[in-house]
Amino acid sequence: MVTSAAKPPKTQHGSSVSSIVYPDDHPADTEPGELRVSVPRKVAILGSTGSIGKSALEVVKSHAGSLELSCISCHRQLDLFEQQCREYRPRIAVVTDECNPKTHRWLSQSSPESWHRAAGEEALIQAITGPEVDVVVAAIVGVAGLRSSLAAVEHGKRLALANKESLVVAGELLLAAAKKSCAEIIPVDSEHCAIFQALESVELVDRIILTASGGPLRDWPLEQLEKATIADALAHPTWSMGRKITVDSATMMNKALEVIEAHWLFGIPAEQIQVVIHPQSIIHSMVEYRDGSVIAQLSPPDMKLPIQYALTYPTRTQATAKRMDWNSPQALTWYPVDPQRYPALELGFEVARRRGTCGAVLNAANEAAVELFLQSKIRLTDIAKACRSVLHHHNFASNPSLEELLEQDLWARQEVMRWNNSLC
Ligand code: NDP
Ligand code: MG
């Protein structure tokens with residue numbers, strides 16, 4: 001066991017949904033502030049073939065001795081996954097897409113090293129909930145990451161959370177499960193990692209300020225936006241990320257999801273969350289206190305830093321991530337968001353206010369609409385329109401179960417298809 005020196009910031013909910021704060025009601029064998037992890041910390045990386053997953057593998061490799069790779073998962077990129085298995089040698093490697101015939105061929109291969117092959121979501125959940133894992137890096141994209149995030153916190157694992165969709169869809173359930181098991185949720189999303197570092201006490205906060213790059217289309221004339229191609233939307237100016245989150249950045253749905261994520265993680269009401277455009281992506285977010293002081297976290301845009309922070313917290317270790325160059329001139333600018341350019345953003349504030357089933361519906365509608373855009377079936381500007389329409393027509397419930405959330409998810413996807421067919 002490792003005893004943590006510092007406690008995470010206190011959240012405001014104080015109710016059943018306190019998140020990254022250590023809950024007061026600890027199990028008998030755990031003292032407040034005590035992490036139930038071994039040395040080296042045993043790490044599972046879910047979605048190792050993705051952008052965050054690859055960076056997480058590098059971080060674990062650069063911390064040999066204090067971090068140890070226990071489990072990795074992928075969905076479809078089997079060739080890359082096989083290479084990762086041979087290079088990084090996890091204890092267990094899981095391909096989640098068990099219906100794919102290629103997965104069966106992959107499973108039947110022999111492993112020259114001592115790692116074990118498995119397939120399917122159940123196998124993944126079994127792997128990450130056992131004693132061989134202390135920390136789960138949730139880097140699967142979309143609601144597909146929800147069950148594994150929930151399973152990790154239900155079993156008291158530290159959740160290094162990149163998969164913001166888990167919180168957007170089921171924030172209340174995830175936080176309640178974390179409270180019950182004393183699991184920690186440490187944000188990997190760079191904005192939330194910044195706030196986590198800058199937040200002393202939620203009671204003293206006036207507002208938190210999430211920064212947004214504005215995406216690749218931030219300087220386009222408004223009337224041109226509906227002509228944006230897939231390549232235009234994927235040409236992000238400061239971050240290199242997976243396709244779905246890159247499209248979300250172009251529409252600013254990503255920031256809408258992050259408003260909801262911040263609301264759940266830090267227990268801050270929507271009214272105390274503000275978004276500003278900061279094109280350089282150096283200030284990752286800020287906390288403004290009652291007295292007017294603003295505390296920000298700065299670093300060059302590189303996800304390895306927040307991943308490392310979530311894995312090694314509360315210790316700060318040497319990083320391989322890029323550093324600020326204080327000898328080169330650098331201007332930092334920001335300006336308000338134009339709601340006409342980014343109509344998706346307001347939906348995030350609405351969902352953070354209404355909660356209940358709204359997050360599941362918005363997230364599913366967005367996932368379906370982004371997929372249609374990436375198949376050239378709708379325009380980029382249709383994404384926010386489809387999401388608004390589906391969100392406003394759904395059958396709202398204030399206290400949904402997981403099953404109800406997943407039903408709403410399915411309904412919202414079908415509605416987006418219906419909405420699209422009605423346009424044709
Ligand atoms: P990528 O698209 O690059 O990677 C997604 C990963 O998820 C891949 O390993 C993929 O496997 C796996 N995956 C896809 N579908 C499924 C499924 N149905 N079941 C299980 N696994 C699946 O995404 P990113 O790495 O960019 O993003 C991952 C998460 O992190 C997202 O939630 C995103 O919002 C969040 N995030 C990302 C940031 C970034 O800089 N990229 C920054 C902050 C948050 P395979 O490729 O083998 O099919
Ligand atoms: Mg982010």
For the stretch 89-113, enumerate the residues that are in contact (Cβ under 8 Å) with a residue 12 or more places away in the chain and among the hydroxyl-bearing types (Ser, Thr, Tyr).
-> 96, 103, 111
Would you check if there is a residue in the stretch 200-208 being of a type outside the set (Ser, Thr, Tyr), closer than 21 Å to residue 54 by Cα and not assigned by TED's automatic domain parsing to the domain that holds residue 134?
-> no
So residue 404 fits all but one of (1) without any contact (Cβ under 8 Å) to a residue 40 or more places away in the chain; (2) part of a helix (DSSP H, G or I); (3) surrounded by fewer than 17 Cβ atoms within 10 Å (Cβ to Cβ); what number is the exception?
-> (1)
Can you tell me which residue among 138, 93 is crowded, with 22+ Cβ neighbours inside 10 Å, within 16 Å of ligand 2 (Cβ to nearest atom) and within 19 Å of residue 52 (Cβ to Cβ)?
-> 138
Here are 380, 410: which of them is surrounded by fewer than 22 Cβ atoms within 10 Å (Cβ to Cβ) and within 18 Å of residue 173 (Cβ to Cβ)?
-> 410
Go through the stretch 245-281 and count every residue that is within 19 Å of residue 218 (Cβ to Cβ) and within 15 Å of ligand 1 (Cβ to nearest atom).
-> 16
Answer with yes or no whether residue 180 is surrounded by fewer than 24 Cβ atoms within 10 Å (Cβ to Cβ) and either touching a residue at least 24 places away in the same chain (Cβ under 8 Å) or more than 16 Å from ligand 2 (Cβ to nearest atom) (or both).
-> yes
Does residue 298 satisfy being away from ligand 2 (no atom under 12 Å from the Cβ), aliphatic (A, V, I, L, M) and surrounded by fewer than 16 Cβ atoms within 10 Å (Cβ to Cβ)?
-> yes
Search result, residues across the stretch 187-231 that are in contact with a Ser or Thr (Cβ under 6 Å, 6 or more places away or on another chain), under 17 Å from residue 268 (Cα atoms) and in a helix (DSSP H, G or I) | 191, 194, 195, 202
Top-ranked residue of the stretch 226-242 - restricted to ones that are crowded, with 16+ Cβ neighbours inside 10 Å and within 9 Å of ligand 1 (Cβ to nearest atom), ranked as farthest from the chain's Cα centre (by Cα) = 239
Complete set of residues in the stretch 232-245 that are without any contact (Cβ under 8 Å) to a residue 60 or more places away in the chain and assigned to a loop (DSSP other than H, G, I, E, B) | 235, 236, 237
Residue 333 meets each of (1) free of Cβ contacts under 8 Å to residues at least 40 places away in the same chain; (2) surrounded by fewer than 18 Cβ atoms within 10 Å (Cβ to Cβ) with one exception, condition (1)
Scanning the stretch 175-194 for residues that are out of contact with any strand residue (DSSP E or B) (no Cβ under 7 Å at 6 or more places or on another chain) and aliphatic (A, V, I, L, M), which turns out nearest to residue 279 (Cα to Cα)?
-> 175
Only residues that are assigned to a loop (DSSP other than H, G, I, E, B) and under 13 Å from residue 118 (Cβ atoms): list them for the stretch 68-101, please.
-> 90, 91, 96, 97, 98
Within the stretch 154-176, the count of residues that are more than 21 Å from residue 354 (Cα to Cα) and more than 16 Å from ligand 1 (Cβ to nearest atom) comes to 5
Which residue out of 270, 262, 235 is out of contact with any Lys or Arg (no Cβ under 9 Å at 6 or more places or on another chain) and more than 16 Å from ligand 2 (Cβ to nearest atom)?
-> 235
Could you tell me whether any residue of the stretch 140-153 is near ligand 1 (Cβ under 9 Å from one of its atoms), touching a His at 6+ places or on another chain (Cβ under 8 Å) and not in a helix (DSSP H, G or I)?
-> yes
Hey, residue 136 hits all of (1) within 11 Å of ligand 1 (Cβ to nearest atom); (2) in a strand (DSSP E or B) but one; which does it fall short on?
-> (1)
With respect to residue 348, is the statement that it is outside any helix (DSSP H, G or I), crowded, with 18+ Cβ neighbours inside 10 Å and in the same structural domain as residue 388 (by TED's automatic domain parsing) true?
-> no
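The values are calculated or read from the model by the stated rules, or taken from the named source; none is laboratory data. Just so we're clear, the structure is a prediction, and the values are computed from it rather than from any experiment. We place every Cβ from the backbone using ideal geometry, glycine too, and count neighbours over all the protein chains shown.
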